[in-house]
2 protein chains.
Amino acid sequence: MQQIYEYIDQHWQEAVEDLKRLCRQPSISAQNVGMAEMVPLLVRMMQEYGISTRVLTGPSAGYPLIYGELEGETPITLLFYNHYDVQPPEPLELWTSPPFEPTEYEGNLRARGVSDNKGDIVARLLALKAYQKVHGRPPVSVKFIIEGEEEIGSPNIAAFIDSNQDLLKADACIWECGGVNWRDEPVISLGLKGILCVQLEVRGASKDVHSSMATIVPNPAWRLVWALASLKDVEDNIRIEGFYDKIMPPSRREIDAIDAIPLDEDETKESLGLERFIRDVTGYDYKSRHILEPTCNICGIDSGYIGTGFKTVLPCMASAKLDFRLVPDQRPDDVIAKLRKHLDDHGFSDVVIAPLIEGENPARTSLDSPFVRVVSDAAREVYGLEPVIVPSMAGSGPMYSFTGTLGLPTALIGIMYPGSSPHAPNEHIRLSDFILGSKHVAAVLKRMASV
Amino acid sequence: MQQIYEYIDQHWQEAVEDLKRLCRQPSISAQNVGMAEMVPLLVRMMQEYGISTRVLTGPSAGYPLIYGELEGETPITLLFYNHYDVQPPEPLELWTSPPFEPTEYEGNLRARGVSDNKGDIVARLLALKAYQKVHGRPPVSVKFIIEGEEEIGSPNIAAFIDSNQDLLKADACIWECGGVNWRDEPVISLGLKGILCVQLEVRGASKDVHSSMATIVPNPAWRLVWALASLKDVEDNIRIEGFYDKIMPPSRREIDAIDAIPLDEDETKESLGLERFIRDVTGYDYKSRHILEPTCNICGIDSGYIGTGFKTVLPCMASAKLDFRLVPDQRPDDVIAKLRKHLDDHGFSDVVIAPLIEGENPARTSLDSPFVRVVSDAAREVYGLEPVIVPSMAGSGPMYSFTGTLGLPTALIGIMYPGSSPHAPNEHIRLSDFILGSKHVAAVLKRMASV
């Protein structure tokens, strides 16, 4: 491995120049800016790094996917999931340097997309180049699937993977991004929650009416409030019948892993200006609740007059946007059916569940998987610190297509640090994390060959 | 009386020309358009009609009030409450003729403010002119108080009346407007509900956060939903402790009056596109609920992301605007204190009651008052139909200053019909209603002298 690490140490600046090339090209999926230019640029670069590459389209019209492969010393195969699209850069006035003019400063590199997720793509390519230069080929085979719709909710990835299972056959998967914590310990995350987004709508009279009619005219805002209040109680228990039925209890290893995660509750409280958490959780309960529990969250409520001052109106419409974060083995379809039944059973058949974005299943890789040990041991070797194992992130993503459909143990690792500000102005990486992240991938490839 | 009625029949066209002069002058209090021009125009016209007139200012800076008086044959005094301001005319594109170009068509007169409330002012002036021309002076003395802020909630009228009780001393009051129902029966209303408008606000984290934090971060939208749901149950019972305590039961006469009001529930359902009313009320229950019951209404709710599509956010703020319509002897201050106590008692001390517009006490004139008989008998004589007595309107207004502070029995009568569209495009009156309304006032003056 020493030769590989040395190659990375000697050549990372060249890779950073390539990363700057990627970051100079906007690729904003939400605004369709630069997407058509991004694909050939990345394809060319991957080919320069020795990856056989082709452009694929999903079953629906959408931004194309880039598939890449490189044969290794064994048929054992590691699949990388990444994305070439980035978040919109707005608000522009908060950027210290223009978002698509990559800027090095004090050992950092600032640009939109540098941490999420172009930096990871190049760090992974650099590791593969090191093996090709030093040994001719990597210890295991690799595949890349790089989509262009991650920042708009990956609407087509599940169908694409469903119909390309042979092409994407592999033994394990490295997820798009990850990184170190505030103590510079490498964090290895093993899951994402599922998600279900619904809009609840209630209609009343055919138009807004004068509020003096509140004596006799049903108010959809009240109907919505009562329906919502029936879904969750003040102790934060979700009251939808059977909502918790399919939840798997955590394994002993998951409990131990959660126990070992450093506590950050004071920092969280301070950064959010909070005096307390829900149920006043603290310590292990705080961590396990965040990692293991499903949610039922109000993202927005809208009804009637919400401007300044007052208007005495009885609104004709009320709506709420909710998102549920789901944990294994909950399923969006099952939750939506239970939600419908709950509303009907509680007298709220007038509350319409409006179709929204497709849900995602939760995904979690078992701590018993040998791949977890591979990634952890590699991290310990490269970072020189004990890695932190997080059984699941609190967020969501299309991971179930990889863990479920493809059946791959999947780990989130990468080159971010907690100050990277992905999705925000002045997104950046520390170049030291870029080097370590590239070496970590190199070490994973090596150890995977000898499992 | 015959001479008086004949005078009105012979001279109403001249009064309508004067009404057009008033309507040509915009007087939009909400937009401060034409207010300064309206006052001298109306003062001059009142003087032309023989009324001693002066302009008064309220205790606060605001649009001035016009006071007028005319001595009658007895010191018995009738006070007219009117207003010279009008609603904004928008949306202009829905008007058949320009809102400030009064237009006669098919026996109607169309203009902003013609029904609310300039037509009533001129109809009342015409009745007084008739007495002056025929008998030299009216049978009783009259006073006018005409404010310029009715359409913006009469923020200064209560304080003005408080400090001008001697000036406004009278024996009874005729309210700004009223009219006939769809069957052309004269409607005499005897009260207005009080009102209390509050904004409830809940704050959470210092900024909106990613909805994956819903595991641990309190959501102010949920807090608001739970607090609101505690205020009123699905059967429309207001659950604020003691809310109903001070409500006076209806008198036998009020019950009988409500019983005699023609039913319009089918028309109401159809015009509002409703299949059912709250609690499926019908018949007497429908009428009495609308007339006698207080309300707790959500005018608007606002929290988080309410645009199209989805944003998985946990909002940092949630607010709701509520209005309570109050009935005798509820008081806004008392209800707000009970609301605060209710929220505290139910664990919602985090829900802030933000100050809004000043509340109004409910006002209702007893059916036992001799003045009610005066106004009813006068209506029967002029309209040739049995008048409909409505113990209270469902709406609100600053009537308590007249019934409470000044102690006056007060009746709402006027020149509208149900198609008049006050506050809406193509506001208009039927000129036949203008003539009848003027005669009704003349008859009231006559009968008042002989009580």
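The values are calculated or read from the model by the stated rules, or taken from the named source; none is laboratory data. Being a predicted model, the structure only gives us computed values, none of them experimental. Virtual Cβ from ideal backbone geometry, glycine too; neighbours counted across all protein chains shown.
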(request) List the number of the failed condition for A:Gly283; all other conditions in (1) in contact with a Phe, Trp or Tyr (Cβ under 9 Å, 6 or more places away or on another chain); (2) more than 7 Å from chain B (Cβ to nearest Cβ) hold. (result) (1)
(request) Give just the number: which of (1) modelled with pLDDT under 95; (2) over 28 Å from B:Gly309 (Cβ atoms); (3) more than 24 Å from the chain's Cα centre (by Cα) does A:Thr268 not satisfy? (result) (3)
(request) Show the residue pairs that are 6+ apart or on different chains and have beta-carbon atoms under 9 Å apart, the first residue being within the stretch A:428-439 and under 25 Å from A:Trp95 (Cα atoms) and outside the structural domain of A:Gly113 (by TED's automatic domain parsing), the second being of a type in the set (S, T, N, Q) and part of a strand (DSSP E or B). (result) none
(message) Criterion first (assigned to a loop (DSSP other than H, G, I, E, B), within 11 Å of another protein chain (Cβ to nearest Cβ) and of a type in the set (Val, Ile, Thr)) does A:Val225 satisfy it?
(response) no
(message) If a residue must be touching an Asp or Glu at 6+ places or on another chain (Cβ under 9 Å) and not small (Gly, Ala, Ser), how many such residues does the stretch A:220-235 contain?
(response) 5
(request) Determine which single condition A:Asp116 fails, assuming it passes every other condition in (1) in a strand (DSSP E or B); (2) within 25 Å of A:Leu196 (Cα to Cα); (3) charged (D, E, K, R). (result) (1)
(message) Taking the conditions exactly as written (under 20 Å from B:Cys316 (Cβ atoms) and surrounded by 12 or more Cβ atoms within 10 Å (Cβ to Cβ)), does A:Arg279 satisfy them or not?
(response) yes
(request) List the strands (runs of 3 or more DSSP E) that sit entirely inside the stretch A:18-105 and contain at least 3 residues that are surrounded by 18 or more Cβ atoms within 10 Å (Cβ to Cβ). (result) A:65-70, A:74-83
(request) Quick one: A:Glu185 ticks every box in (1) in contact (Cβ under 8 Å) with a residue 24 or more places away in the chain; (2) not assigned by TED's automatic domain parsing to the domain that holds A:Glu381 except a single one, so which number is it? (result) (2)
(request) State which residue pairs qualify: first residue at negative phi and within 7 Å of chain A (Cβ to nearest Cβ) and inside the stretch B:194-217, second residue among the basic types (Lys, Arg) and surrounded by 24 or more Cβ atoms within 10 Å (Cβ to Cβ) in any location, beta carbons under 9 Å apart, and separation of 6 or more residues or different chains. (result) B:Cys197/B:Lys321; B:Ser211/A:Arg325; B:Ser212/A:Lys193; B:Ser212/A:Arg325; B:Ala214/A:Arg325; B:Thr215/A:Arg325
(request) Go through A:Asn117, A:Asn108 for me and flag whichever is assigned by TED's automatic domain parsing to the domain that holds A:Gly395, of a type outside the set (Gly, Ala, Ser), more than 22 Å from A:Ala411 (Cβ to Cβ) and touching a strand residue (DSSP E or B) at 6+ places or on another chain (Cβ under 8 Å). (result) A:Asn108
(message) Whether any residue in the stretch B:135-148 is at pLDDT 95 or above, in a helix (DSSP H, G or I) and either over 19 Å from B:Pro409 (Cβ atoms) or among the small types (Gly, Ala, Ser) (or both) is what I want to check.
(response) yes
(request) Can you give me the number of residues within the stretch A:302-319 that are at the interface with chain B (Cβ under 8 Å from one of its Cβ atoms) and closer than 25 Å to B:Glu275 by Cα? (result) 10
(request) Could you run through the stretch B:320-350 and say how many residues are touching a strand residue (DSSP E or B) at 6+ places or on another chain (Cβ under 8 Å), more than 9 Å from every other protein chain (Cβ to nearest Cβ) and among the basic types (Lys, Arg)? (result) 2
(message) Kindly evaluate A:Glu235 against the criterion of being at pLDDT below 95 and either of a type in the set (D, E, K, R) or within 22 Å of A:Thr295 (Cβ to Cβ) (or both).
(response) no
(message) So, A:Pro362, is that one under 28 Å from B:Gly307 (Cβ atoms) and either within 8 Å of chain B (Cβ to nearest Cβ) or modelled with pLDDT of 95 or more (or both) or not?
(response) yes
(request) Scan the stretch B:286-295 for residues that are facing chain A (nearest Cβ under 8 Å), farther than 17 Å from B:Pro328 by Cβ and not aromatic (Phe, Trp, Tyr) and report the count. (result) 0
(request) Could you look through the stretch B:392-431, keep only residues that are among the aliphatic types (A, V, I, L, M) and part of a strand (DSSP E or B), and pick out the one that is surrounded by the most Cβ atoms within 10 Å (Cβ to Cβ)? (result) B:Ile429
(message) For the stretch B:195-208, check the following and say yes or no: at least one residue is over 21 Å from A:Ala221 (Cα atoms) and surrounded by 20 or more Cβ atoms within 10 Å (Cβ to Cβ).
(response) yes
(request) Find the residue count for the stretch B:22-45, including only residues that are out of contact with any helix residue (DSSP H, G or I) (no Cβ under 8 Å at 6 or more places or on another chain) and of a type in the set (S, T, N, Q). (result) 2
(request) Would you mind stating whether A:Val187 is within 7 Å of chain B (Cβ to nearest Cβ) and surrounded by fewer than 24 Cβ atoms within 10 Å (Cβ to Cβ)? (result) no
(message) Pairs please, first residue from the stretch A:387-408 and at pLDDT 95 or above, second anywhere and assigned to a loop (DSSP other than H, G, I, E, B) and surrounded by fewer than 19 Cβ atoms within 10 Å (Cβ to Cβ), Cβ atoms under 6 Å, 6+ apart in sequence or on different chains.
(response) A:Val388/A:Glu185
(message) Of all residues being in contact with an Asp or Glu (Cβ under 8 Å, 6 or more places away or on another chain) and surrounded by fewer than 24 Cβ atoms within 10 Å (Cβ to Cβ) in the stretch B:432-451, which is nearest to B:Asp120 (Cα to Cα)? Just the residue, please.
(response) B:Ile435
(request) Could you list all residues from the stretch B:237-273 that are facing chain A (nearest Cβ under 8 Å) and either basic (Lys, Arg) or crowded, with 18+ Cβ neighbours inside 10 Å (or both)? (result) B:Thr268, B:Leu272
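When you scan the stretch B:173-217, how many residues do you find that are assigned to a loop (DSSP other than H, G, I, E, B), more than 18 Å from the chain's Cα centre (by Cα) and more than 16 Å from B:Ser438 (Cα to Cα)?
9
Table: residues versus (1) over 18 Å from B:Met399 (Cα atoms); (2) assigned by TED's automatic domain parsing to the domain that holds B:Ala227; (3) surrounded by fewer than 17 Cβ atoms within 10 Å (Cβ to Cβ).
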{"site": "B:Lys287", "(1), (2), (3)": "yes, no, no"}
{"site": "B:Gly304", "(1), (2), (3)": "yes, yes, no"}
{"site": "B:Phe310", "(1), (2), (3)": "yes, yes, no"}
{"site": "B:Cys316", "(1), (2), (3)": "yes, yes, no"}
{"site": "B:Lys321", "(1), (2), (3)": "yes, yes, no"}
{"site": "B:Phe324", "(1), (2), (3)": "no, yes, no"}
{"site": "B:Ala337", "(1), (2), (3)": "yes, yes, yes"}
{"site": "B:Leu343", "(1), (2), (3)": "yes, yes, no"}
